[in-house]
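The values are calculated or read from the model by the stated rules, or taken from the named source; none is laboratory data. Every value quoted in this text rests on a predicted model; they were computed, and no experiment measured them. With ideal geometry, Cβ positions are generated from the backbone for all residues, glycine too; neighbour counts draw on all protein chains shown. These accessible areas exclude ligands, DNA and RNA; they are computed on the full protein's heavy atoms, side chains included. Shrake-Rupley method; radii C 1.70, N 1.55, O 1.52, S 1.80 Å.
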Amino acid sequence: MQTEDDTAQSSSPRQHARAAELEFKNVSKRYPGADKPALRDLSFKVPAGEICVLVGPSGCGKTTAMRMVNRMIDITEGDILLDGKSVRGRKPAELRREIGYVIQQIGLFPHLSIGDNIATVPRLLGWDRKRISARVDELLELISLPAETRDRYPAEVSGGQRQRVGVARALAADPPLMLMDEPFGAIDPITREHLQNEFLRLQEALRKTVVFVTHDIDEAIKMGDRIAIMREGGVLVQYDTPDRILADPADEFVARFVGLDRGLKRLALSKLSDLSLDDADSVRDGTPAHGQANPDRVVFVDGQSRPVGRLGRDREPEPIGPVGNPDTSLRDALSLIMSDDNRPLVVVDADGAVAGLARLDVIAGALASHNGRDAPAEARS
Amino acid sequence: MGLLIAASGPVIPNFGGASDKCAVNNGFFCWNWFTQHWGSTFGPAVVQHIILTAIAVGIGFAIAFALALLAYRFDWMETPIAGISSFLYTIPSLALFQILVPFTGLTRLTVEIALVSYTLLLLFRNIVTGLREVPEEVRDAARGMGLTQRQILLRIDLPLAVPAIFAGLRVATVTTISLATVAAFVVDEGLGAPIFDAISRGNFKTEFVAAAALAILLAWVADLLLVALQRMVAPWAAKRRSSVVPRSVVRAIRGRRRPISAVRET
Amino acid sequence: MPFAAAGLGQQFLDSFTFMGNNTSHLLHDTLATIALSGAALGVALAVTLPFAVWLGHLHRGSGMAIRIANLGRALPELGLIAIFLAILGIGFLNVMVALVIVGIPPILANTFTAVDGVDPDVVDAARGMGMSELWIVFKIELPLALPLMFAGIRTSALFVIGASPLAAIAGGGGLGEIIVNQASYGFDGVLAAAIWVAALALLVQALLALLQRAITPEGLKAQARARGEKVVVGISDAERAMEATPSHA
Ligand SMILES: Nc1ncnc2c1ncn2[C@@H]1O[C@H](COP(=O)(O)OP(=O)(O)OP(=O)(O)O)[C@@H](O)[C@H]1O
Ligand SMILES: [Mg+2]
């Protein structure tokens, strides 16, 4: 597959990225003077190299939980283990240098150049100049910023670029764990989506353990390998993969939080490549089609098997509309089908050649089969 | 005037008459001597001090207000006005008083010109910044509701600038009270006069302490009165904790809480 | 009285003649004024800066810092010198203490406000990356606070130099010595010294303004440009930082 090539390319910076396993063990937090605890008996484990998203309504304690990992906030009760070792015994400053830290407001140092910002932790760790300089270049390339950017000041780049610099700065010393508190929260939707995809691409290569805080369930579903859903009062309600949380919400609260459209959201998690496609009746060079049983299956193709037209329900040829590809999500595919009179969607492969047809009932069936697989003990209506 | 003898002058000590033992021994503060000389020395000096200050702050405010409105209307005027008033503010008080003497003599006019020129920077800056810090969206809302330029100035900008204007008034008043002591180099008025009198008596401590303490007290009372006045004029601004916080924060706070309700009120 | 005897221009001409005839005397006194003011400013900085930076870093004592600053600014320079004449008598110590007290409030208020006001997200990021508190103070907070802090130092210099001629009544020396001694130097001498003091104050302010521009970090200038604000804060902004809250009411 082509994706393998991609991965090999973009992972060049560091082949054996370290990642740490993170475990919350019965962690509670009570702020001085507060009558109720901010976090109650939080326990979960994040396997090395996975993105764990903490999600929940405002004030439910996501930030508190995240900031206890690098001891920006003291733990009241319980423990947090990093690769099996408690963070409680560690010197905070040293611990923090081993953990990447990204906040919504980014907090770039305005008086330092982009390069110096990125070099912060390596300098604290006492790396030599050459190594730091090489690392800065490497990271700028990784976040696709031109090399000249290193001498610019934060005020001289765009908001999206600043956010990327914030991520690069956190990655500088190749930490085994990254903490990210609503890192894309204050950014316009288009740039946000771009940054999300870019981060996922990075993560594909770097395989860090990531704790990612958001209050946006869609972002959680998109970014998370696992999602921890929290509710007011600092209680963890469900900790599971996105698909299972959508398929099988633990309770009313989760069901409401993920939304009534959770079925559709689940479709967004699967791609056309997960689906078995119907064969199309390919007709070459505009040869008129006669006597076909089902006009919906007829696709006119060119010499390279690329679709150029279809047969209408009135059996008249018409130009080809939008087509799907293996990476199109089932949700988008569904939408395309429904806006085209429920006709099956033409799917092309990486070369643009017709690969088959995706039928509405097959997509609906995929949803059902997920349910069957993931929630055998289905007890709800 | 101009008789000031520096420290070393061969003055025969004459500490306020032989009647008062404390005074004769030049004690740190002789209450009896002070009360005896309230009517003849300190009372009048306080009154003169208040008059010197009130005139200076009053005229200074009128000029600064006019200049601020000009600078508010015509942006380009702010820099030169601020530059000139900074220039005046920078000249040491004693020097400015003496430099003015050839023009206006050893008169109250000299004193007032100097004092007024010191208030300008403080008042001008505060008024302009107060007007400028009114958030643009508030002005926009007002414009959208059909207020004219003049109405916006009178009903939105000026009321919202009141805290800043008062802050400027307070600083200017306290500064003027402090500088008015120096006026005694030019005219025999204000709380600086007893200080020079004390020097001419051979450094009479009670008079030093009394004059200085009265000047400090005066500054403090004036400040309190201005705070009280501000509460009356703009009760909504009483809780403002502005100056400790940087301007951007002040702007953000005012932008969120104040102006919207203020617009609704009008 | 001098102004009665001679015309306006004549008086200034006389003062320039005085300058010509007494250049070395004036220079000597100017140096004395600079030394006195510089020493007072230095002491005020040494006493105030660590304290104010520390308070600002901890975000503690904002009420106290501002109250001290306001109390300080209500103290009349001449009155201070008079009080210390009563306590310490004539001499260098008196003058020094008075000038130091005059110099402290702007440094205290501005340094506290500047350090306290550093963007908390920037400090949070610094701490979260594992910087020590000392490192945060020196590498992050101080550079970012520098322009406003320096505005306070400029204001302090302005106050100290402004008060230094007054110090002559307590034996402070310098150009003030001539100004308060018309009996010995005549009005032409008084006027000459006054003009020199004014020129000195203006010159010092101009130099400090240039210095302030030079030490303002480039990144902050870029930030100010991007936001359409001015970069270098002036003495009037420092005055604003000192404005009273109704805290003692
Ligand atoms: N420093 C603090 N002192 C006292 N209470 C605090 C402190 N920080 C947070 N809290 C309280 O703890 C609870 C959890 O706060 P936290 O910031 O962790 O929430 P959050 O889930 O990150 O919310 P948001 O989505 O708004 O960022 C809230 O009720 C908050 O008011
Ligand atoms: Mg939060």
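Can you tell me which residue in the range A:215-230 is farthest from ligand 1 (Cβ to nearest atom), limited to those that are under 21 Å from A:GLN104 (Cβ atoms) and of a type in the set (D, E, K, R)? Per the stated criteria, the residue is A:LYS222. Residues of the range C:85-97 that are without any contact (Cβ under 8 Å) to a residue 24 or more places away in the chain and either surrounded by 18 or more Cβ atoms within 10 Å (Cβ to Cβ) or within 14 Å of chain A (Cβ to nearest Cβ) (or both): C:ALA86, C:VAL97.
Can you tell me how many residues in the range A:67-81 are closer than 24 Å to A:GLN104 by Cα and surrounded by fewer than 22 Cβ atoms within 10 Å (Cβ to Cβ)?
Result for the range A:67-81: 7.
Residues that are at the interface with chain C (Cβ under 7 Å from one of its Cβ atoms) and aromatic (Phe, Trp, Tyr) were ranked within the range B:190-224; the one that is nearest to B:ALA167 (Cα to Cα) is B:TRP220.
Here are A:GLU50, A:GLU98, A:GLU77: which of them is acidic (Asp, Glu) and within 11 Å of chain C (Cβ to nearest Cβ)?
Result of the check over A:GLU50, A:GLU98, A:GLU77: A:GLU98.
When B:PHE87, B:PHE103 are checked against the criterion of being open to solvent by 60 Å² or more (accessible area, probe 1.4 Å) and within 18 Å of the chain's Cα centre (by Cα), a single residue qualifies: B:PHE87. Checked against (1) over 17 Å from the mean Cα position of the chain (by Cα); (2) closer than 19 Å to A:CYS60 by Cα, A:ASP218 passes all but condition (1). Take the residues of the range A:29-60 that are within 13 Å of ligand 1 (Cβ to nearest atom) and closer than 25 Å to A:ASP243 by Cβ: which is surrounded by the fewest Cβ atoms within 10 Å (Cβ to Cβ)? Out of the qualifying residues, it is A:PRO57. Within the range B:167-189, the only residue that satisfies the criterion of being away from chain C (no Cβ under 13 Å) and surrounded by 19 or more Cβ atoms within 10 Å (Cβ to Cβ) is B:GLU189.
Scan the range B:130-166 for residues that are open to solvent by 50 Å² or more (accessible area, probe 1.4 Å) and in contact with a Lys or Arg (Cβ under 7 Å, 6 or more places away or on another chain) and the total you get is 0. In the condition set (1) more than 16 Å from ligand 1 (Cβ to nearest atom); (2) in contact with a helix residue (DSSP H, G or I) (Cβ under 8 Å, 6 or more places away or on another chain); (3) within 13 Å of chain C (Cβ to nearest Cβ); (4) open to solvent by 10 Å² or more (accessible area, probe 1.4 Å), A:ASP181 is compliant with all but (1). Note on the range C:98-122: residues that are open to solvent by less than 10 Å² (accessible area, probe 1.4 Å) and under 9 Å from A:GLY107 (Cβ atoms) total 1. I'd like the full set of residues that are more than 9 Å from chain B (Cβ to nearest Cβ), assigned to a helix (DSSP H, G or I) and open to solvent by 30 Å² or more (accessible area, probe 1.4 Å), limited to the range C:51-83. Once the filter is applied, which keeps residues that are more than 9 Å from chain B (Cβ to nearest Cβ), assigned to a helix (DSSP H, G or I) and open to solvent by 30 Å² or more (accessible area, probe 1.4 Å), the range C:51-83 yields C:PHE51, C:TRP54, C:LEU58, C:MET64, C:ARG67, C:ILE68.
Does A:LEU267 meet the test of being touching a Ser or Thr at 6+ places or on another chain (Cβ under 9 Å), open to solvent by less than 60 Å² (accessible area, probe 1.4 Å) and not in a helix (DSSP H, G or I)? Judged against the criteria, A:LEU267 is not a match. What about A:PHE212, is it within 16 Å of ligand 1 (Cβ to nearest atom), more than 14 Å from chain C (Cβ to nearest Cβ) and closer than 22 Å to A:ARG97 by Cβ? Judged against the criteria, A:PHE212 is a match. Looking at the range B:117-127, is at least one residue over 18 Å from the mean Cα position of the chain (by Cα) and touching a residue at least 12 places away in the same chain (Cβ under 8 Å)? Taking every residue of the range B:117-127 in turn, none turns out to be over 18 Å from the mean Cα position of the chain (by Cα) and touching a residue at least 12 places away in the same chain (Cβ under 8 Å). Here is a check on your reading of the model: is A:GLU232 crowded, with 19+ Cβ neighbours inside 10 Å and within 16 Å of ligand 2 (Cβ to nearest atom)? The answer is no for A:GLU232.
Residues of the range A:101-125 that are open to solvent by 40 Å² or more (accessible area, probe 1.4 Å), farther than 21 Å from A:VAL213 by Cα and at the interface with chain C (Cβ under 7 Å from one of its Cβ atoms): A:LEU112 alone.
When A:GLY160, A:GLY166 are screened for being under 18 Å from C:ASP121 (Cβ atoms) and touching a His at 6+ places or on another chain (Cβ under 8 Å), only A:GLY160 passes. Across the range C:1-50, the number of residues qualifying as open to solvent by 50 Å² or more (accessible area, probe 1.4 Å) and either modelled with pLDDT of 95 or more or out of contact with any Asp or Glu (no Cβ under 8 Å at 6 or more places or on another chain) (or both) comes to 22. All conditions in (1) more than 15 Å from ligand 2 (Cβ to nearest atom); (2) within 10 Å of the chain's Cα centre (by Cα) hold for A:VAL237, with the sole exception of (2).
For the range A:72-81, a residue qualifies if it is in contact with a helix residue (DSSP H, G or I) (Cβ under 7 Å, 6 or more places away or on another chain) and within 14 Å of ligand 1 (Cβ to nearest atom), and the qualifying residues are A:MET72, A:ILE73, A:ILE75. Whether any residue in the range C:112-130 is within 11 Å of another protein chain (Cβ to nearest Cβ), within 28 Å of A:VAL69 (Cα to Cα) and among the aromatic types (Phe, Trp, Tyr) is what I want to check. No, the conditions are met nowhere in the range C:112-130. Pairs are defined by a Cβ separation below 7 Å, a sequence spacing of at least 6 or placement on different chains, a first member in the range A:215-229 that is more than 14 Å from every other protein chain (Cβ to nearest Cβ), and a second member that is within 15 Å of ligand 2 (Cβ to nearest atom) and outside any strand (DSSP E or B); the pairs so defined are A:HIS215/A:GLY56; A:HIS215/A:PRO57; A:HIS215/A:SER58; A:ILE227/A:ALA220; A:ILE229/A:GLY56.
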